[in-house]
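The values are calculated or read from the model by the stated rules, or taken from the named source; none is laboratory data. From a predicted model like this one, the values you see are computed outputs, not experimental measurements. Because the Cβ atoms are built from the backbone with ideal geometry, glycine has one as well, and the counts that use them run over all protein chains shown. In case anyone asks, the SASA skips ligands and DNA or RNA and just uses the protein heavy atoms, side chains included. Shrake-Rupley method; radii C 1.70, N 1.55, O 1.52, S 1.80 Å.
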Amino acid sequence: MSDLLAARSQMAISLAFHIVFAMIGIAMPVMMVLAERRWIKTGDSVALDLAKRWSKGAAILFAVGAVSGTVLSFELGLLWPRFMEFAGPIIGMPFSLEGFAFFTEAIFLGIYLYGWNRLPPRAHLLAGVLVAVSGALSAVFVVIANAWMNYPTGMVLDGGRVVSFDPLAAMATPAAFPQTLHMLLAAYAATGLAVAGVHALFLLHRPDNAFHRRALGLALMVGAPAAVLLPVSGDINGRFLARYQPAKLAAAESLFETQSRAPLVIGGFPDVAKKEVRFGIEIPGGLSLLAFHDLNAQVTGLDRIPRDLWPPVAVAHVSFQVMIALGSFLALVSLWAGWTVVRRRDLARQRWLLRALVLAAPMGFIATEAGWFLTEVGRQPWIINGVMKTSEAVTPMPGLVVPLLGFTLLYVLLSIAVAWVLYRQIVRSPVVIERTLP
Amino acid sequence: MSGESGAQLIAIVVMLALNAYAVLAGADFGGGVWDLFASGPHRERQRRLIADAIAPVWEANHVWIILVVVLLFTCFPPVFARFAIVLHIPVSLMLIGIVLRGSAFIFRSYERGDETQRRWGRLFAIASLITPLLLGAIVGAVASGQVTPPVAGAGFVANYVTPWATPFAFAVGVFALCLFGFLAAVYLTVEAKEPDLREDFRIRALASGVLVFLSAGTALLLSLRRSAAPLMGRGLTEATHALPLQVSVAAVAVTAMLALWFRRFGLARLAAAAQVSLILWGWALSQYPYLIPPDLTIQATAAPWVTIRLVLIALGLGAVVLVPSLWYLFRLFKSR
Ligand code: HDD
Ligand code: HEM
Ligand code: HEM
């Protein structure tokens, strides 16, 4: 394995690991706060119990999120020192702001998790709100940095050298809005629906357990609206790609030839040598419609991109298809749940809906990983789109396979441990029979 | 303000953040070390005290190191690049230590009362012991002036191992470990509510205080061999600030020990923290104006003024949020 490939893989594994905990760190505080607020408003002790148990489980995930994030901040330099040397002054701003968001998050998390008996309820709730806000802000800032890598702005270049730059203009990259919006929605959808799925599993056995009923309702309140909005926001991302990162969109859709009335390919597997997609379903004009909201618009294909600047087409294509398929399912299940609530039916007794929710539980996270693979692999061979190649950024230290193996092993073991500890937390959930069924 | 003084200011903030990390997170690591060496009839109570002291604050304390990293790559990018390239191996090992320490700690607190809990506890304690060693060795390597650019054809060991695998760096690692253990023991005398537990940690603080002296002496002796840490040796002995600084370190160190002896624990806590801070600033001054000796200075590596200015503004605004929040956190959990 080449050093470059090892570095890319290590980066991918570290990020793929961190993002799971980061998303939980964004959305879980919102759910805890909603549960606690309900207790304060209505005196519903089940809601308080729920807030406490959720925060206990979340504490584990927060800690793992914090340490894996620390690894990442160092890895930016350990693996990509030339990139950071070039880009640090330009996009250091969002990272610095993110640092402050981490601080407030960690401080108020400590207060929230260990302050149940030390603060009046409203102050405690406020600490939770601050955790939720700073979690969302950390995500926004770090994704802005990534958006700049995808579409760098705010600098004047002369043959690869930066003549002048403006960090604020760099933060204002047009990629920032679509990406941060999509990322935040993904965090709420994935986490909310995953939690809903876990509690749905318990409700399939005991639909009258008040604890899980409350949990399901609150989790859906966070997850379902976000899941419905995700395809809408994804459409903005797609249109952004069509205009600003045509190579990525062409790879995602395996569009080998530039054409008007470009078809939308659903599923399938690209055969790069033959420049065709096998087993895919084509909807004529679909891609033009999605990308430009115009059936006859011309969409740039890979033929306009020099061959050595193509991203790995198959990875981008499959990632995109997986994200869309899972996203559609999540949106439909969420609409179904919403419709059930609108018709004033008892969610906990809709056995088919509960089953669908259990099935949906891991999907948001899988879709997110796929989405990030599309974003990151689809940018290749660039680390800063059009400015610096990934191969120019990598550390000169040889033997990078060794740290790759080391960190991979670490993360595999850690994943097993987290799963085990959480499992033991969850099976200990209480049985509280609902007395007044609606 | 000009770019020059702006960069100086940021270098000072980097040192302040490192100082905060040492004084706060350092003690969290030290606590883990005392967990490993928990002994005597109060063993389990010692462990409980340590865990309760660390739990609410360690994540916040940990963020200081992230601030250091972010400020380095934003404001002194060549410094971060050099650091990350040459010290790849010890930094990676330290990261593994950080990950294991944090996750084992949290796993342990959720698996109360069985064999699994004990295993996580062991892992937490061992990781707490190894991480400061590596952190100290990294600082030692930087101070030694051997973190120089890799030379093509010089070979892997010469480029990526020799700079940090030195007796001096190792001695600084041991010194850092002793310091953190000392800090933790002193802090725990204040945290302990029961007299017998407090006495346990008083003994530990006194003993580790002696170890701090010994390990400091070793590191100092090694640094006087000019080849090991030329700048540091010079800075610690010849520069104008050297004597007053050394006198103050000695004064606070003696104060800390005396305060422990006479059971003035509040004073001991203050003196111990001051001791660690003064040592760090002594190091910083001894290698000023270099961030990484022998060649990377503050001025030569500073990012352009646009960046420095914005970061200074962000630091100012951030401090407005951060300082009261931190104050509140510590008042809530650490006042007694
Ligand atoms: C719950 C997770 C989830 C779901 C259901 C979807 N996405 Fe997504 N998508 C992500 C989670 C995600 C993400 C958080 O992983 C990414 C990676 C980078 C980013 O900003 O968001 C992403 C990126 C991403 C990109 C690439 C952006 C870029 O590289 O600049 C596009 C074009 C889409 N998405 C489009 C969609 C569409 C059309 C969806 C319709 C169903 C969709 N996504 C559902
Ligand atoms: C290169 C990319 C990234 C780096 C360098 C990074 C860095 C970090 C660091 C250092 C922490 C620990 C903070 C602490 O000690 O409390 C952290 C946590 C966090 N990160 Fe990341 N991160 C990256 C990617 C992301 C992404 C893409 C997201 C967006 C979803 C994200 C969101 C978060 C959140 C919400 C937390 C707090 C999580 C928790 O406490 O569980 N990060 N990250
Ligand atoms: C947390 C969600 C993220 C995931 C799952 C993710 C995934 C990946 C993957 C799969 C790669 C390897 C791509 C390849 O080389 O083929 C990669 C590379 C990289 N990512 Fe991300 N990424 C995430 C967020 C971020 C963010 C927020 C940043 C920066 C602020 C970032 C910075 C980088 C860098 C510097 C590389 C290495 C260079 C490159 O391969 O282009 N990533 N990421």
Item to check | Amide proton proximity set for A:Leu295, modelled H, under 5 Å, gap of 5+ | outcome: none
Item to check | Highest to lowest packing among A:54-63, A:249-258, scored as the average C-beta count within 10 Å | outcome: A:249-258, A:54-63
Checklist outcome for this item: For segment B:42-123, the percent of accessible surface on carbon and sulfur atoms (probe 1.4 angstrom, ligands and nucleic acids excluded) is 57 percent
Item to check | B:Ala300/A:Gln298 FRET efficiency (R0 45 Å; Cβ-Cβ; nearest 0.05) | outcome: 0.35
Checklist outcome for this item: Using alpha-carbon positions, the gyration tensor of segment A:1-122 gives root eigenvalues a ≥ b ≥ c; with a/c under 1.5 called rounded, otherwise prolate if a/b exceeds b/c, else oblate, the class is prolate
Next on the checklist: Taking θ = phi - 60°, what integer Hz values does the Karplus form 6.51 cos²θ - 1.76 cosθ + 1.60 yield along segment B:262-267, in sequence order, with x for Gly and Pro?
Outcome noted: 8, 6, 9, 5, x, 5
Next on the checklist: Residue by residue through B:90-103, how many Cβ atoms from other chains fall within 10 Å of the Cβ on average?
Outcome noted: 6
Checklist entry - Sorted by accessible area (1.4 Å probe), largest first, how do A:Asp166, A:Asp158 line up? => result A:Asp158, A:Asp166
Checklist entry - Counting only residues 5 or more places away or on other chains, whose amide H sits under 5 Å from the amide H of A:Ala175 once H atoms are built in the peptide plane? => result none
Checklist entry - Which shape class applies to segment A:69-108: rounded if a/c is under 1.5, otherwise prolate when a/b exceeds b/c and oblate if not, where a ≥ b ≥ c are the square roots of the Cα gyration tensor eigenvalues? => result oblate
Next on the checklist: Please list, by residue number, every one of the chymotrypsin sites (Phe, Trp or Tyr not before Pro) in segment A:134-243 that is coil in DSSP and has at most 14 other beta-carbon atoms within 10 Å.
Outcome noted: none
Checklist outcome for this item: Rounded to the nearest 10 degrees, the helix A:351-360 long axis (Cα) sits at an angle to the longest Cα principal axis of chain A of 40 degrees
Checklist entry - Spin-label point model (7 Å from Cα, Cβ direction): what's the B:Val254 to A:Lys52 distance in nm? => result 5.3 nm
Next on the checklist: Interface size between chain A and chain B, please: total buried accessible area, 1.4 Å probe, rounded to the nearest 100 Å².
Outcome noted: 5500 Å²
Checklist outcome for this item: Counting only DSSP loop positions in segment A:202-278, the trypsin sites (Lys or Arg not before Pro) whose Cβ has at most 15 other Cβ atoms within 10 Å are A:Lys274, A:Lys275
Item to check | Among B:Gln246, B:Gln146, B:Gln287: highest mean-square fluctuation, GNM of chain B, C-alpha pairs under 10 Å | outcome: B:Gln246
Checklist outcome for this item: Expected integer from the mean partner chain Cβ neighbour count at 10 Å over B:327-333 is 4
Checklist entry - FRET efficiency for A:Phe269 and B:Thr148, Cβ-Cβ distance as r, R0 = 35 Å, nearest 0.05? => result 0.10
Item to check | Interchain or long-range residues, amide H under 5 Å from A:Asp271's placed H | outcome: A:Glu276, A:Val277, A:Arg278
Item to check | Cα long-axis angle, helix A:313-342 against chain A (0 to 90 degrees, to the nearest 10) | outcome: 30 degrees
Checklist entry - On the accessible surface of segment A:16-105, probed at 1.4 Å, how many percent belong to carbon and sulfur atoms? => result 61 percent
Next on the checklist: Counting other C-beta atoms within 10 Å, and keeping those with at most 11, which DSSP coil trypsin sites (Lys or Arg not before Pro) do you find in segment B:101-133?
Outcome noted: B:Arg112
Next on the checklist: When a/c reaches 1.5 or more, the comparison of a/b and b/c decides; with that in mind, is the protein assembly as shown rounded, prolate or oblate per its Cα gyration tensor?
Outcome noted: oblate
Checklist entry - Once you average over the residues of B:76-84, how many Cβ atoms of partner chains fall within 10 Å of each Cβ? => result 6
Checklist entry - For A:Ser288, what charge total do you get from the other residues with a beta carbon under 14 Å from its beta carbon, if Lys and Arg give +1 and Asp and Glu give -1? => result -2
Checklist entry - Can you give me the Cα centroid spacing of segment B:264-336 and segment B:1-70 in angstrom? => result 12 Å
Item to check | FRET E, pair A:His205, A:Ala16, Förster distance 35 Å, beta-carbon r, rounded to 0.05 | outcome: 0.60
Checklist outcome for this item: The answer for the net charge of residues other than A:Gly267 whose Cβ lies under 15 angstrom from its Cβ, with Lys and Arg +1 and Asp and Glu -1, is -3
Checklist outcome for this item: Whole-Å distance linking the alpha carbon centroid of segment B:97-176 with that of segment A:88-166 is 27 Å
Item to check | Computed accessible area, A:Asp208, all protein chains, 1.4 angstrom probe, square angstrom | outcome: 40 Å²
